[in-house]
Amino acid sequence: MRELPPGSPLDAIRAAVEEDYAHGSFNEKLKKTNEFYAFLTRMHDGDLVLCNDGGKIYNGRLRGEPAFRASVENRANLQRPVSWLNGDSPLDFDDLPDEMSAKLATQHDVLDLTEFIDDLERLVGPQPAPTREFTLPDVMPELADELLVDQEWLQECVDLLRDRLRRRHRRGRAVRTGDAAASALMTSPVPVVALVEGAPPREFALTAEQAAALAAAKAVQVVPGPRAGLWRIRDNGYVGAAAIGGVQVSIRPKTPIDRLLFLLGYSRSLRGWRQEEVHAGEHRDLLPALAHAFARGARRALDRGVLQGYREIEESAQVVRGRIREAEQIRRRYGLPLPMEVRYDEFTVDIAENRLLLAATTRLLCLPGLAEPTRKTLRHVLARLVGVSPLVRGAPLPTWHANRLNARDHTALRLAELVLRGRSYELDDGTAVRVDGLLFEMWRVFEDFVTVALSEAFQPYGGRSSPQDRLHHLDEDRRVALRPDLVRYAVGPGGIEQPAAVVDAKYKISAGPDGHNGDLYQMLAYCTVLGLSCGHLVYAKGDAEPYRHVVRRAGIEIRQHALDLTLPPTELLAAVAELAAGITRHDAELAAARSQ
């Protein structure tokens, strides 16, 4: 890399990298640009730095500007002077927080660790640090043009950030000069709310702010207790673990953990796995069990070697590689022969499958409550995924397709999708309440299992199963849509396909004086619109028992079934198959009786 002055703008660094690393891929040049920009421009005198030397972690503070100096084999010519704070007693890599070690495991020479500044300073201990005022420069026209935004608007954003930094600096001084009570409050342990799904409410001592955060998140039900500062809390249909408003919430499912993992494998948004491939270990809580199952599956897959594949890359290059993107070449560099806009396929480990495994591993390492053996296995997985780029926050998950090449990774990949899609159950009221963890709605898990497993069990009897059927409406004007969980279609007289059965899954009976009356009314509407003589409600055993309801003056029969979720997987699937056979046989008999 050529010599560049300290404080070089991003455009100058990008141009230098583009020319000096012309042989590199687009991702490599992008990484080099960001690293040089951070080292030359973003880092300042007095900043805290960290260096990993063979598992030993050294902390220090910058003491000067960057400079180009000769080094052995020209491997580290760009240098900055550092005053090391723990040169005689380096930290061990395993002593770092899991989030920090996960980020350090990525293949980068320079990383921004600002988010871990408090952890680093706590590990090193109190050290005198030079005071300097952080300033944000005014917005230049070039920056506004590069970001494709209005310069005046961007300058307003910078002014708002300056004002926020001033207020934060004042608050920081107030905290440091506060009394001992304020210090004790800052170091108080995080409250833990441990619940069991379906159990009576329990009382917990929380502040009004913490209770309000839990109530706003709606992951649990919160009501005032018998005295001030005491709150009665119970589950609200979710299971899992999460940190909500400064409170650690853990909700243990009433279903055994290994059975719950089996049910999760039937999620409609995921592809199921075989029971014998997923092991929850001896864990009694969902989050540790899920992490154990994923870590075991991922390590078993990666021990055979990291999967590689072809990935399409579009970049600017000094040499022709693959195909030239003519339209982009004309639009971006009209009349210039170089660099060329090209598209090519690269054989790499940076593919969708490995990116999913990396993202799930990083996410699990950031969550509390994992056993140390599980964390050690996850770190091993992380170390094997060197060269894989992390997912972009907020972007859709990369898609992958099952084939014989990635067959060994199927179980780990499906568990990874489960871990990452668990974020869709995260709750955020749009203000200050944030849920960080994995929470799953049990009614959705049960509904997915019933619809998917029943659809498969109906296959030997012919016809077609339609989960979440949206074709029907309650009224003639088609304003009130109906959405039964499962409608089975069969070919009737004249070769016309028509509804043969309707099934609705209900995890538990609704609370309130009406009980499951609403479920019966809903099924009556389905049967009326579909022209069926019988409808089927499927509950989890314990919340409802098998029963037969006959609607007066309508002749419509509503049958109530119960599935025992505590059964071993093979027996549970056998119960579903028996249920499918009974529904098919009974509805066929009713249809024959009506036709006579």
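The values are calculated or read from the model by the stated rules, or taken from the named source; none is laboratory data. The shown structure was predicted, so the numbers you read here are calculated from the model rather than taken from an experiment. Please note: Cβ atoms are built from the backbone with ideal geometry, for glycine as well, and neighbour counts cover all protein chains shown. Just the protein is used for accessible areas: all its heavy atoms, side chains included, with ligands, DNA and RNA removed. Shrake-Rupley method; radii C 1.70, N 1.55, O 1.52, S 1.80 Å.
Structure notes:
- Filter result for E282 (closer than 28 Å to L565 by Cβ, touching a Ser or Thr at 6+ places or on another chain (Cβ under 6 Å), modelled with pLDDT under 80 and open to solvent by 20 Å² or more (accessible area, probe 1.4 Å)): no
- Test: residue in segment 301-324 that is modelled with pLDDT under 80 and on the phi > 0 side of the Ramachandran plot: no
- Residues (within 19 Å of Y547 (Cβ to Cβ), among the charged types (D, E, K, R) and loosely packed, with under 15 Cβ neighbours inside 10 Å) located in segment 563-588: D564, E578, R585
- Cross-chain or 6+ apart pairs with Cβ under 6 Å, segment 566-589 first and within 13 Å of E456 (Cβ to Cβ), then among the small types (G, A, S): V576/A453; V576/A457; A577/A457; A580/A457
- Residue in segment 127-146 that is modelled with the lowest pLDDT, counting only those that are open to solvent by 70 Å² or more (accessible area, probe 1.4 Å) and among the hydrophobic types (A, V, I, L, M, F, W, C): F134
- Set L397, L367, L357: member being closer than 30 Å to V192 by Cβ and touching a residue at least 12 places away in the same chain (Cβ under 8 Å): L367
- Hits in segment 541-562 - residues which are more than 19 Å from W443 (Cβ to Cβ), of a type in the set (A, V, I, L, M, F, W, C) and either crowded, with 19+ Cβ neighbours inside 10 Å or in contact (Cβ under 8 Å) with a residue 12 or more places away in the chain (or both): V551, A554, I556, I558
- Scanning segment 245-256 for residues that are among the hydrophobic types (A, V, I, L, M, F, W, C) and surrounded by fewer than 23 Cβ atoms within 10 Å (Cβ to Cβ) returns a single hit, V247.
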